[in-house]
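Participant: Encoded as structure tokens, here's the structure I'll be asking about.
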């Protein structure tokens, strides 16, 4: 780092302005630390990204999605293992490496606001059973969810005030009355 000028004293330390020789950005640092530093931290980040990994994407969102998926299915010490690997859910063999998963994801509609979802919650993570959905759609595809898209459509079709009431629908489908109300008002299951 190249010393430019002294700035001020705060909390008993002298601060100065330095120029990072790697990225040409002016950085305010403690004077004693800035004189010892080689960069503002940018070169360290670049080294981590490119030198320590084959693909340079270890900080990407897609890499975190892949890593959690692998942990859920293969690491018996992972908190969610019992719901995935503990139930026999496995991962497509090629997806145990990041690059094949990344290539499949980018060719099948992955964007930063979507999550990986299994079409059948009792089947494995594999290309024919996975797709990308919004978080709201993903929340609807859980084993604990008593309703499916078909049942939600039935509820909306059956509701006729004074003939088929919210209370009757809640009892028939085994859910709370306020949930039926939210379905009818399209506050829940909006995309159907």
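Participant: Can you say whether residue 154 is out of contact with any strand residue (DSSP E or B) (no Cβ under 6 Å at 6 or more places or on another chain) and touching a residue at least 12 places away in the same chain (Cβ under 8 Å), as far as the supplied structure shows?
Facilitator: Values: out of contact with any strand residue (DSSP E or B) (no Cβ under 6 Å at 6 or more places or on another chain): yes; touching a residue at least 12 places away in the same chain (Cβ under 8 Å): no.
So residue 154 fails the test.
Participant: Can you pull out every residue in segment 159-177 that is surrounded by fewer than 14 Cβ atoms within 10 Å (Cβ to Cβ) and over 16 Å from residue 189 (Cα atoms)?
Facilitator: 160, 161, 162, 163, 167, 171, 174
This table checks each residue for (1) in a helix (DSSP H, G or I); (2) exposed (fewer than 13 other Cβ atoms within 10 Å of the Cβ); (3) in contact with a strand residue (DSSP E or B) (Cβ under 7 Å, 6 or more places away or on another chain); (4) at pLDDT below 85.
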| site | (1), (2), (3), (4) |
| --- | --- |
| 112 | no, yes, no, no |
| 121 | no, no, no, yes |
| 131 | no, no, yes, no |
| 136 | yes, yes, no, yes |
| 181 | yes, no, no, no |
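The values are calculated or read from the model by the stated rules, or taken from the named source; none is laboratory data. A quick note: this is a predicted structure, and the numbers were derived from the prediction, not measured. Glycine also receives a Cβ, built like all others from the backbone with ideal geometry; neighbour counts cover every protein chain displayed.
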